[in-house]
Amino acid sequence: SGGKTTASPKIWEDSAGFAAAVAKFEADTAAALAAPAGDVDAFKAQFGAVAANCSSCHQNYRIKK
C-alpha cells in the first residue's frame, strides 16, 4: 500500500498459511536462541533450520522478479 513491494497478494489470500509460516520461523528462532550452539557444526545446523523458513516463505509469498 503506497510503495514498491514484491509481497504477493497470497499473503492476504492465505493469511492463515502466512501466519503459520511466521510462527514456525519464530519458534525455530526461539529454539536456536534457547540452546546456543557449542561449535561451528551445531551452529550450522541451527542456522540451517532457521534459514529454511526464509526460503519457503519467499517461494510462497513473494512475487518473483
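The values are calculated or read from the model by the stated rules, or taken from the named source; none is laboratory data. This structure is a prediction, so every number in the text was calculated from the model and none was measured. Ideal geometry is used to build each Cβ from the backbone, glycine not excepted, and the neighbour counts take in all protein chains shown.
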Fill in: segment 1-23 residues that are touching a residue at least 12 places away in the same chain (Cβ under 8 Å), paired with ones that are outside any loop (DSSP other than H, G, I, E, B) and of a type in the set (F, W, Y) (beta carbon under 7 Å, 6 or more apart)
A7/Y61; S8/Y61; K10/Y61; I11/F18; I11/Y61; F18/Y61
Fill in: Residues (modelled with pLDDT of 90 or more, more than 27 Å from K10 (Cα to Cα) and of a type outside the set (A, V, I, L, M, F, W, C)) located in segment 23-45
D39, D41, K44
Discussion item. I need a count of the residues in segment 8-24 that are touching a Ser or Thr at 6+ places or on another chain (Cβ under 9 Å) and closer than 20 Å to I63 by Cβ.
Written reply: 1
Worksheet, complete the sentence: Those residues of segment 13-65 which are surrounded by 12 or more Cβ atoms within 10 Å (Cβ to Cβ) and in contact with a strand residue (DSSP E or B) (Cβ under 9 Å, 6 or more places away or on another chain) amount to Y61, R62
